[in-house]
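Scroll down for the structure; my scribbles are underneath it.
The values are calculated or read from the model by the stated rules, or taken from the named source; none is laboratory data. All figures in this text were calculated on a predicted structure; none of them were measured in a lab. Please note: Cβ atoms are built from the backbone with ideal geometry, for glycine as well, and neighbour counts cover all protein chains shown.
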Amino acid sequence: DQQVKQNSPSLSVQEGRISILNCDYTNSMFDYFLWYKKYPAEGPTFLISISSIKDKNEDGRFTVFLNKSAKHLSLHIVPSQPGDSAVYFCAASARSNSGYALNFGKGTSLLVTP
Amino acid sequence: NAGVMQNPRHLVRRRGQEARLRCSPVKGHSHVYWYRQLPEEGLKFMVYLQKENIIDESGMPKERFSAEFPKEGPSILRIQQVVRGDSAAYFCASSLADSNQPQHFGDGTRLSIL
């Protein structure tokens with residue numbers, strides 16, 4: 001069962017514009033959410049996170065918004081740059097028998113065109 | 001200042017052979033997670049270990065797969081009698097403590113079964 005869903009497999013955005021990546025989850029026990037960026041043949045790199053007690057977290061060009069009632073989060077990248085082209089994974093966790101094991105979405109491939 | 005180190009980066013095995021994947025966590029990290037990524041999929045949790053202890057292996061197939069994290073040395077994920085369906089990218093992540101902290105990933109081992 002896929003508890004974290006990224007319904008857009010791909011997204012194309014022009015350089016300088018805003019990129020918005022979306023993520024939905026089903027498990028109301030999740031209390032920590034993360035975005036990872038992944039290049040081919042490399043491991044995921046942590047980008048930004050948000051705790052369930054917040055609704056927004058900002059770090060430079062990256063902002064994550066959390067809507068708990070809708071079980072939805074989004075990652076905004078502004079302005080987008082060609083180097084942002086990668087696969088972005090949304091992940092969520094909650095304290096469980098497996099520690100804080102991450103539940104990942106299937107990823108959204110972002111292409112930023114010059 | 002090494003991050004998570006995984007080796008080998010690529011591993012080719014014939015059906016029926018054994019595959020052994022190694023993971024050295026970030027220095028000082030005592031919590032290790034293994035994940036598997038099948039093509040076009042997100043990462044899926046396999047096993048959570050602390051030094052000398054398997055905490056949760058609920059995401060790992062019960063047969064042929066085993067994992068360890070000895071007091072000295074890297075964590076090992078072992079797959080016996082490999083089959084074609086074991087072909088995937090295997091990622092290891094480590095964290096400092098059993099808490100909500102971003103996990104740091106290695107670059108993975110890409111296992112191919114002939």
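Yes or no: the range A:41-48 includes at least one residue that is in contact (Cβ under 8 Å) with a residue 12 or more places away in the chain and hydroxyl-bearing (Ser, Thr, Tyr). Don't jump to the end; show me each part of the working.
At the first step, the residues of the range A:41-48 found to be in contact (Cβ under 8 Å) with a residue 12 or more places away in the chain are A:44, A:46-48.
Restricting the remaining residues to those that are hydroxyl-bearing (Ser, Thr, Tyr) gives none.
Within the range A:41-48, none of the residues are in contact (Cβ under 8 Å) with a residue 12 or more places away in the chain and hydroxyl-bearing (Ser, Thr, Tyr).
Residues in the range B:37-56: is at least one assigned to a loop (DSSP other than H, G, I, E, B), exposed (fewer than 13 other Cβ atoms within 10 Å of the Cβ) and modelled with pLDDT of 95 or more? Taking every residue of the range B:37-56 in turn, none turns out to be assigned to a loop (DSSP other than H, G, I, E, B), exposed (fewer than 13 other Cβ atoms within 10 Å of the Cβ) and modelled with pLDDT of 95 or more. The criterion of being surrounded by fewer than 18 Cβ atoms within 10 Å (Cβ to Cβ), within 23 Å of B:Gln37 (Cα to Cα) and either at pLDDT below 95 or away from every other protein chain (no Cβ under 13 Å) (or both) does not hold for A:Thr45. Residue count for the range A:28-45, restricted to those that are under 16 Å from the mean Cα position of the chain (by Cα) and farther than 25 Å from B:Gly108 by Cα: 2.
Hey, among the residues in the range B:62-99 that are outside any strand (DSSP E or B) and within 11 Å of chain A (Cβ to nearest Cβ), which one's surrounded by the most Cβ atoms within 10 Å (Cβ to Cβ)? Can you show your working first?
Narrowing the range B:62-99 to residues outside any strand (DSSP E or B): B:62-64, B:69-74, B:80-87, B:96-99.
Add one more test, that the residue is within 11 Å of chain A (Cβ to nearest Cβ), and what stays is B:97-99.
Values: B:Ala97: 11, B:Asp98: 14, B:Ser99: 11.
Taking the candidates together, the pick is B:Asp98.
Against the test of being within 14 Å of another protein chain (Cβ to nearest Cβ) and not β-branched (Val, Ile, Thr), the options B:Gly59, B:Gly16, B:Gly28 yield a single qualifying residue, B:Gly59.
Taking the conditions (1) more than 14 Å from B:Arg78 (Cβ to Cβ); (2) within 12 Å of the chain's Cα centre (by Cα); (3) among the aliphatic types (A, V, I, L, M) in turn, B:Val12 satisfies each one other than (2).
Within the range A:53-83, being within 14 Å of another protein chain (Cβ to nearest Cβ), out of contact with any Phe, Trp or Tyr (no Cβ under 7 Å at 6 or more places or on another chain) and within 23 Å of A:Met29 (Cα to Cα) holds for A:Ile53, A:Lys54, A:Asn57. Identify, please: which residue in the range B:31-55 is aliphatic (A, V, I, L, M) and without any contact (Cβ under 8 Å) to a residue 24 or more places away in the chain and is, among those, farthest from the other protein chains (Cβ to nearest Cβ)? Per the criteria, the residue is B:Ile54. Evaluation of A:Arg95 against the conditions (1) surrounded by fewer than 16 Cβ atoms within 10 Å (Cβ to Cβ); (2) more than 11 Å from chain B (Cβ to nearest Cβ); (3) of a type outside the set (Gly, Ala, Ser) shows that the sole unmet condition is (2). Listed conditions (1) closer than 27 Å to B:Trp34 by Cβ; (2) buried (at least 18 other Cβ atoms within 10 Å of the Cβ) are all met by A:Ser80, apart from (1).
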